[in-house]
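Every number in this text was worked out from the coordinates using simple rules, so none of it is lab data. The model shown is predicted, which means the values in this text are computed figures rather than measured ones. Every residue, glycine as well, gets a Cβ built from its backbone with ideal geometry; the counts of neighbours run over all protein chains shown.
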Amino acid sequence: MLIKIDFKADTPLYEQLRLQIIEGIARGLLKGGDDLPSVRQLAGDLGINLHTVNKAYGLLKAGGFIQVHRQKGVMVSPAPGPGSTKAYLTLLKKQLRPLAVEAYCRGMQKQELHSIIDAVFKSLQKNTEE
Amino acid sequence: MENIITIIIIMSTMVPLYLIFAFFPYLTRRNICMGVSIPEDKFADPRLKAIKKTYMVSLLVTGAPVTGLATAGMLLLPQDLRSYALGAAILISIGSIFLYYVRAYKKTRALKQKEKWSAGKTELAVTETAFRKGKIKVSPLWFILYGLVIACTLISFFALYDSLPGTIVLNYDSLGNPGTAVPKSPAIILFPLSVQLLITLLMVFVYLVIGKAKVQIDAGNPEASVTRNRIFRYAWSAYTVFMGLGMVILFGAILFLPLLTGDSMIMIAVPLAYTIISVVGAVVLSLVLGQSGSRLKLKGKTAGKEINRDDDRYWKLGSFYYNPEDPALFVEKRFGIGYTSNFARPFTWVLMALLLLLIAGAIIASVFAFG
């Protein structure tokens with residue numbers, strides 16, 4: 001899959017990398033067992049620090065999205081992937097709360113917020129079915 | 001005959017030197033102009049076109065008299081001064097080409113700063129995680145043939161040892177007259193053998209670099225860029241492997257040519273013909289593919305909003321890459337065809353030192369061995 005890094009964006013580079021790899025898996029661009037470039041290779045190809053890639057890979061590994069083997073290198077975790085664990089649900093609630101709070105504060109309807117999430121799910125499902 | 005060879009030598013050095021440098025501005029990626037990064041849709045800007053044209057014309061206008069003088073020098077000077085004439089002409093050429101380049105680079109940079117082309121665009125660094133899974137190189141198994149040729153040279157040398165002439169000629173001057181000749185001894189095999197091994201080493205190195213070099217994908221049209229990159233690497237890896245193999249065969253064959261023919265002219269003609277084929281091959285590949293396959297006609301439209309990250313500040317004079325933040329060792333040249341090094345990496349300097357040692361070692365060894 002293509003990875004695009006925006007050096008001027010507010011999102012830190014490691015986070016851009018992490019989110020794109022997760023989206024790649026969600027869209028089916030990266031399949032379980034697919035190889036990913038080594039830390040050194042990916043850092044070199046993007047022209048970013050080794051630590052940045054290391055950090056992104058570390059977080060992805062902790063989240064169960066990828067596996068890092070000493071010999072075989074880096075690969076996408078085999079299906080069904082990490083699933084929605086209890087720890088993840090706790091984190092998700094924590095992260096969603098301020099977003100929902102701000103939407104409420106701005107007078108948004110519950111349905112509007114739901115439809116945004118629906119649209120994301122729909123676009124992802126369309127991709128994986130193709 | 002001598003004059004014809006002189007002219008062939010000039011034709012196969014000076015003329016390609018000027019022509020290829022004159023055409024370099026037209027072989028770059030479409031987001032680079034004279035070593036300066038530009039948005040892809042500005043590639044055909046009339047002012048940039050004018051800068052490139054001025055550069056090209058200056059080169060050709062300088063090239064013609066310098067080549068003429070070099071030819072005259074080669075034809076008229078005493079024998080021992082001739083190679084200096086060519087050497088001096090090449091140095092003058094490289095120096096003047098560099099000055100013309102720097103002038104064009106500075107003009108382009110000034111224009112870019114004035115126009116603020118990148119305003120309102122998203123600057124991205126793009127790569128493809130599966131790039132190296134695709135076909136980017138010919139099989140490394142081809143290098144087995146190198147080993148076979150070297151083994152054949154070794155075996156044939158000892159098998160045919162008795163029928164080889166008593167003195168072995170190691171080089172010939174431009175007229176086909178024997179130069180350095182040494183009495184036959186088993187140790188003489190070390191000369192072609194070490195050259196063969198050196199060539200093999202060099203070709204393996206280039207082959208590895210083609211695979212390792214940074215995967216640079218154009219943000220404007222990433223899918224087409226991936227294809228261009230792959231075709232470019234594949235074609236040049238094939239060129240490297242097969243041209244290198246030819247050289248290894250040639251250096252082995254030098255020993256046995258006297259057995260086949262008494263005509264020493266063949267010793268000049270064959271290497272010269274091979275050099276010309278190599279140069280023509282490289283020029284054709286460069287013209288057809290361009291840097292990173294940029295000249296290939298591929299479908300896919302260019303998105304105007306996304307452009308490559310502006311990394312001009314890491315490109316000193318638009319040609320020397322110095323970026324301590326980038327772990328990549330080998331990156332694409334901005335001006336020219338092929339790859340260059342990240343001079344901020346210590347390993348680059350280690351490699352350069354090794355290369356210098358190798359060259360110095362080869363010179364010292366040959367002086368010691370053959371006086």
field: Mean Cα-pair separation over length for chain B, i.e. relative contact order, pairs under 8 Å, 6 or more apart, %
entry: 24 percent
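Need one value for B:119-128: mean number of C-beta atoms belonging to other chains within 10 Å of its residues' C-beta atoms. Don't jump to the answer; show the numbers that get you there.
Working: counts 0, 0, 0, 4, 5, 9, 10, 6, 12, 5.
Across the residues of B:119-128, the mean count of other-chain Cβ atoms within 10 Å is 5.
Relative to the compact-globule scaling 2.2 N^0.38 Å, provide the ratio for the alpha-carbon radius of gyration of the range B:115-240. All intermediate terms of the calculation are to be shown ahead of the outcome.
Details: Rg = 23.6 Å, N = 126, 2.2 N^0.38 = 13.8 Å.
Scaled against compact globular proteins, the figure is 1.71.
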message: With an 8 Å Cα cut-off and a minimum separation of 6 or more residues, compute the relative contact order for the range A:13-76 in percent.
response: 41 percent
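When B:247, B:34, A:75, B:352 are ordered from fewest to most other Cβ atoms inside 10 Å of their Cβ, what list results?
Values: B:247 22, B:34 26, A:75 16, B:352 12.
Least to most surrounded, the residues fall as B:352, A:75, B:247, B:34.
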query: Considering only Cα-Cα distances, which of the following residue pairs are longer than 28 Å: B:49/B:316; B:116/B:333; A:8/A:126; B:49/B:133; A:61/B:316?
result: A:8/A:126; B:49/B:133; A:61/B:316
task: Treating each Cα of the range A:86-126 as an identical point scatterer and ignoring solvent, apply the Debye formula and state log10 I(q)/I(0) at q = 0.34 Å⁻¹.
output: -0.99
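For the range A:13-76, compute the orientation-averaged projected area of the C-alpha convex hull (one quarter of its surface), in nm².
Values: hull surface 15.6 nm².
So the Cα hull casts an average projection of 3.9 nm².
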- request: Amide H neighbours of residue B:220 under 5 Å, at least 5 residues apart or on other chains, H built in the peptide plane: list them.
  value: B:308
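Can you give the Kirkwood hydrodynamic radius of the range B:1-127 from its Cα pairs, in Å with one decimal? Could you put the intermediate results ahead of the total?
Working: mean 1/r = 0.0603 Å⁻¹.
About 16.6 Å, per the Kirkwood formula over Cα pairs.
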query: Put a dot 7 Å past each Cα toward the Cβ at residue B:72 and residue B:296; how far apart are the dots in nm?
result: 4.7 nm
query: Between residue B:54 and residue B:358, how many nm apart are label points set 7 Å from Cα along the C-beta direction?
result: 4.0 nm
- prompt: With N residues in the range B:182-241, what two-decimal value do you get for its Cα radius of gyration over 2.2 N^0.38 Å?
  reply: 1.81
statement: In Å, the C-alpha Rg and Dmax of the range A:40-125 are 17.7, 54
- line: For chain B (alpha-carbon point model, no solvent) the Debye-based log₁₀ I(q)/I(0) at q = 0.06 Å⁻¹ works out to -0.29
- request: Would you mind ranking A:57, A:104 by Cβ crowding within 10 Å, fewest neighbours first?
  value: A:104, A:57
- prompt: Rounded to the nearest 0.05, what FRET efficiency is calculated for residue B:102 and residue B:64 with R0 set to 30 Å and r the Cβ-Cβ distance?
  reply: 0.90
- prompt: Using the C-alpha atoms of the range B:297-358, what convex hull volume per residue, in cubic angstrom, is computed?
  reply: 132 Å³
query: Which aspartates and glutamates, on any chain, are close to residue A:110 with Cα under 17 Å apart, when same-chain ones fewer than 8 places away are left out?
result: A:102, A:118
field: Cβ neighbours within 10 Å from other chains - mean over B:325-332
entry: 5
- prompt: Which one of A:86, A:31, A:72 has the biggest mean-square fluctuation once chain A is modelled by GNM with Cα springs under 10 Å?
  reply: A:86
task: Provide the FRET efficiency to the nearest 0.05 for the residue A:101-residue B:350 pair, computing r from the beta carbons and using R0 = 51 Å.
output: 0.35
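Assuming R0 = 51 Å, can you tell me the calculated FRET efficiency for the pair residue B:19 and residue B:163, based on Cβ-Cβ distance, to the nearest 0.05? Write down the numbers at each step before the final one.
Details: r = 45 Å, r/R0 = 0.88.
Step by step, r from the Cβ atoms, then E = 0.70.
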- prompt: If you project the alpha carbons of the protein assembly as shown onto their three principal axes, what span does each projection cover, largest first, in Å?
  reply: 97, 55, 38
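If the viscosity is 0.890 mPa s and the temperature 25 °C, what translational diffusion coefficient in µm²/s does Stokes-Einstein give for the range B:32-76 when Rh comes from Kirkwood over Cα pairs? If you can, show how the numbers build up before the last one.
Working: Rh = 12.6 Å.
For the chosen part, D equals 195 µm²/s.
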- prompt: Cα centroid distance between the range B:48-101 and the range B:129-144, in Å?
  reply: 39 Å
- prompt: Mind checking the angle between helix A:86-105 and chain A's longest principal axis? C-alpha axes, 0 to 90 degrees, to the nearest 10.
  reply: 40 degrees
